[in-house]
Amino acid sequence: MPPHPKKPVDWNFSNKEMTKEALKLSFQMNRQYTLSKDQYTATMHDNFMALSMAVRDRIVERWIKTQQSYHKKNVRRVYYLSMEFLIGRLMGNNMYNLGIEKQATDALEELGLDMETVRQEEVDAGLGNGGLGRLAACFLDSMASLGVPAHGYGIRYDYGIFNQKIKDGFQIELPDEWLRSGNPWEFARPENTVNVRFYGKTQEDHDAQGRVKHKWTGTQDVLAVPYDFPIAGYKNDVVNTLRLWSARGTEEFDFDYFKSGDYEQAVYKKILSENISKVLYPSDNISKGRELRLKQEYFFTAASMSDILRRFKSENSDLNELPQKIAIQLNDTHPTLAIAELMRLLLDEYGFEWGTAWDITTKVFAYTNHTLMPEALECWGIDLFEKLLPRHMQIIYDINAHFLRAVALRYPGDNDRLRRMSIIEEGYPKKVRMAYLAIVGSSFVNGVSKLHSDLLKERLFKDFYEFYPEKFNNKTNGITQRRWLLKANPPLSTLLNEKVGEAWVMDLHKLEKLNEFIKNKAFCERWRDIKKQNKESLTRYISSSMNISLDPDSIFDVQIKRIHEYKRQILFAFYVISQYIRLKHNPNEFIYPRSFMIGGKAAPSYTMAKLTIKFINSIADIVNNDKSIGGKIRLVFLENYRVSLAEKIFPASDLSEQISTAGTEASGTGNMKFMMNGALTIGTLDGANIEMAQVVGEDNIFIFGLKAHEVEVLKAKGYQPAQYIEKSPMLKEIFKLIQSGFFSPHDHKLFAPIIQSLTQHDPFLVCADFDSYCQKQDEISRMYMNKDEWTKRSIINVAQSGFFSSDRTIREYAKDIWHVPVSG
């Protein structure tokens, strides 16, 4: 008899494989056969790894099928290039997107394990500084959930954003060794390693037709090794890819040095090469740091462009069709070198004529701007650029020459306009203006809120808008409700599912049905109970981690974001001092208890931001230890702010502080996360606050301070902060307290730089907005005492948050810029 044919392995998932029993079995098998542990020898981290692998197994099959589908259908793909991807912890997000969170929790419980304890073993992947990187992570989630064929590209930093410790009130930076215990969510792809070149020189040659050809020779090479992270969509079996590049030396060691016994020198080149992906954003206040930063930017863009072309050529043969098959989004100026790199590849490697290469290049790229501050626009000195990337410098000179000829034809004789618009900034030293290169080399340029986009056209890029009006558009930022509401706030998510159904998870506008429950007393009571439950949870965390007790019945007044002068943590701190003074001198005027919370990291080289952290902690030392005020106000600096901590803070917050000087914040996304979790906002008319006010109505947001155009007028007239200090009794008293050393008894001059900055310059108008801010805060305290009214406004904020879903943002990108279909 012929042998019985083997039954083919069925790789298709069935419902049973997503069940509790299947997950439990998968967990046990991974723990035993992959980790070689049992229930007696496994550490809690082993249990985390085993569960991660069980979840990962269910993602991988969908991942492979998704990528096969993209390949077979030869779809138009989106490539999202970003120096930052602040993805945080992935376990919970992956379980929710697969729809197996409850099954996995139940499976662990039957094995005698607690899900929350296991999840705490995961380390945040802090591959970003703040909003820029978190936005990129939200966009990846939305692209997968909407079925957009997309790939993210970035850097696999060995060390992410530093861990922050507070010692004696000062920020101390410690390395973030997020890879130390392994990362279950990444897959090394050494077969797709890319060779990236630096330094060297360019040589001109001629081909058989007499055309000039350029060769880049004598380079120092670095290998870019890709690591892939699967990005699962929400319950749609779509899994996209985030590819992060890690630097490796082209040689393990120099054998000649090794033979002579100089072991350190033998591995010197390897170590130097691998420094490129070692740390997130090296300090750029020294020349070596600047050089390393520019290396990082070229390293990941060059590797990504090579990979994008590899993917294209696996399905297509004619590079003229690139614009029909790919759309590349530059997340801020950091990836702008991709424009020059694609030109280099088309000109030098594939033999295209300049005009054709430029036409292809400008059609595939689009640029998102994230700043309104001219000083924040990235520029690189010509000397450094020419040394590191000599061929690219030539190409940028040529791009600029072609561009300025077109400008001169449009505006004959306007030499000042040519100077203003040149990609090369004349002066000493000469610099490459990366934002200008991004605009000239892209088909679309967008801001990230309506005000931001308007100000780009009216101020920052006014000349370019006049020249390219069709390029400019707005795409207001958004956040993924699957991470920031479904996962971060389970009690509220459960209530939303009961009252409006589960469709809101993919269509946040469904939450508008909540408006029907505003007058339902039982619903409102449950709403308040959920907020109280979340506040008690955060209170326990702060008590256990910081030994500070908070009153859950107080107003949880929170500002969490990067520490920066324009974000005005100082204004918030001044308000805390004003309330302390009030309690000390006129306790009858004090309205309602508050727990003030501030969290965020200061860039290691940003002296004023680091002094601000010390200032806040010094205020907290006084306020929290003064028993005479009866604990009516407490101030907490939340150490080591990160994604996983943010998930605890947003659901517990009552009041969201969005108080940047009008005209400085491009958008903000923390404001949206607060709003989506039922916090009310106090803010200026800045960034996305404007659209929030329009969406919820002016009665449901607390707006104060100067508007953007008023800021400009005041500065143009010659702003004098002393005038505002003189007419504000409270502000005068605050300055006197600080100058007297009340908050720095051991060093009366410690906070002199803050005083000097605010009294002499006050670049972000803290003094001008202070009284208006305090008046609005008093209004908030009185409003909070009316529980029914506060609850109503909280519900309205959540109900109207649909516009701020990143799904809406991605739909707009897909329709207006990328020209790809979406599902869901």
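The values are calculated or read from the model by the stated rules, or taken from the named source; none is laboratory data. In this text, all values refer to a predicted model and were calculated from it rather than measured experimentally. With ideal geometry, Cβ positions are generated from the backbone for all residues, glycine too; neighbour counts draw on all protein chains shown. Note: accessible area is taken over every heavy atom of the protein model, side chains too, but ligands, DNA and RNA are not part of it. Shrake-Rupley method; radii C 1.70, N 1.55, O 1.52, S 1.80 Å.
Shown here for segment 522-625: trypsin sites (Lys or Arg not before Pro) in loop regions (DSSP other than H, G, I, E, B) with at most 11 other Cβ atoms within 10 Å, of which there are none.
Separation of the alpha carbons by more than 24 angstrom is noted, of 102/519; 462/673; 165/648; 513/673; 363/430, for 102/519; 462/673; 363/430.
Scan around residue 178 for amide H atoms under 5 Å from its own, H built in the peptide plane at 1.01 Å from N, and keep only partners 5 or more places away or cross-chain. For residue 178, whose amide H was placed from the backbone, the distant partners under 5 Å are 160. Ranking 689, 759, 87 by Cα position along the charge dipole of the chain, where only Lys, Arg, Asp and Glu carry charges on their C-beta atoms, puts 689 farthest toward the positive end.
Its Kirkwood hydrodynamic radius, worked out from the mean inverse distance over all distinct Cα pairs, puts segment 522-625 at 15.4 Å. Net length available on complete extension from residue 418 to residue 459 is 13.1 nm, with 0.36 nm assigned per residue and the Cα-Cα distance removed. Heavy atoms of the protein chains alone define the surface here; on that basis the chain has 41 Å² accessible area per residue at 1.4 Å probe size. In this structure the amide hydrogen of residue 231, modeled in the peptide plane, comes within under 5 Å of the amide hydrogens of 240, 241, 242, none closer than 5 places in sequence on its chain.
When the solvent-accessible area of segment 469-524 is split by element, carbon and sulfur atoms take up 51 percent of it, the probe being 1.4 Å.
Projecting the Cα positions of 640, 599, 667 onto the charge dipole of segment 561-672 (unit charges on Cβ atoms of Lys, Arg, Asp and Glu, taken about the Cα centre) puts 640 furthest along the positive direction. Computed over the alpha-carbon atoms, segment 421-470 gives an Rg to Rh ratio of 1.01, Rh here being the Kirkwood radius from the mean inverse distance. Here residue 167 is the anchor, and the aspartates and glutamates within straight C-alpha reach of less than 19 Å, apart from those fewer than 8 places off in the same chain, are 176, 621, 639, 747. Couplings for segment 620-633, taken from phi via the Karplus curve 6.51 cos²θ - 1.76 cosθ + 1.60 with θ = phi - 60°, read 4, 4, 6, 5, 6, 9, 8, 5, 5, 8, x, x, 6, 10 Hz in order; Gly and Pro are left as x.
All alpha carbon pair distances within segment 116-235 were sorted into 5 Å bins beginning at 0; the resulting P(r) in whole percents reads 2, 8, 11, 14, 16, 14, 9, 9, 7, 5, 3, 1, 1, 0, 0.
The mean of 1/r over all pairs of different alpha-carbon atoms in the chain, once inverted, gives a Kirkwood hydrodynamic radius of 28.6 Å.
Taking a sphere under 9 Å around the Cβ of residue 151 and counting the other residues whose Cβ falls inside, with K and R at +1 and D and E at -1, yields a net charge of +2. Could you list log10 I(q)/I(0) for segment 428-566 at q = 0.13, 0.15, 0.16 Å⁻¹, which the Debye formula gives when each Cα is one point scatterer? Debye output, listed in q order: -0.86, -0.94, -0.98. Note on segment 383-458: Cα-only Rg and Dmax are 14.1, 40 Å. Among 314, 443, 36, 801, the sequence by solvent-accessible area, most first, with a 1.4 Å probe is 36, 314, 443, 801.
Here the 3J(HN,Hα) profile of segment 334-351, calculated from phi with Karplus coefficients 6.51, -1.76 and 1.60 at θ = phi - 60°, is 4, x, 4, 4, 4, 5, 5, 5, 5, 4, 4, 5, 5, 6, 8, 8, 10, x Hz, Gly and Pro shown as x. Couplings for segment 598-609, taken from phi via the Karplus curve 6.51 cos²θ - 1.76 cosθ + 1.60 with θ = phi - 60°, read 10, x, x, 10, 9, 4, x, 9, 8, 4, 5, 5 Hz in order; Gly and Pro are left as x.
Given their separation in residues at 0.36 nm each and the Cα-Cα distance between them, residue 102 and residue 779 gain 239.5 nm when the chain is fully extended. Note on exposure: 45, 748 ranked by accessible area (1.4 Å probe, complete protein assembly) read 748, 45, with the most exposed listed first. With all protein chains in place and a 1.4 Å probe, the accessible surface of segment 145-187 carries 49 percent carbon and sulfur. Size descriptors for segment 134-190, from the alpha-carbon set: Rg then Dmax equal 16.0, 49 Å.
Of interest is the spacing of the C-alpha centroids, which for segment 287-350 and segment 436-477 amounts to 22 Å.
Surface composition of segment 756-816: carbon and sulfur make up 48 percent of the accessible area, probe 1.4 Å. Of the chymotrypsin sites (Phe, Trp or Tyr not before Pro) in segment 121-211, the ones in a loop by DSSP (not H, G, I, E or B) with at most 16 other beta carbons within 10 Å are 199. Loop-located trypsin sites (Lys or Arg not before Pro) in segment 734-824 (DSSP state not H, G, I, E or B) with no more than 10 neighbouring Cβ atoms inside 10 Å: 749. Report the Cα centroid-to-centroid distance between segment 95-160 and segment 187-215 in angstrom, as an integer. Taking the Cα centre of segment 187-215 as reference, the centre of segment 95-160 is 38 Å away.
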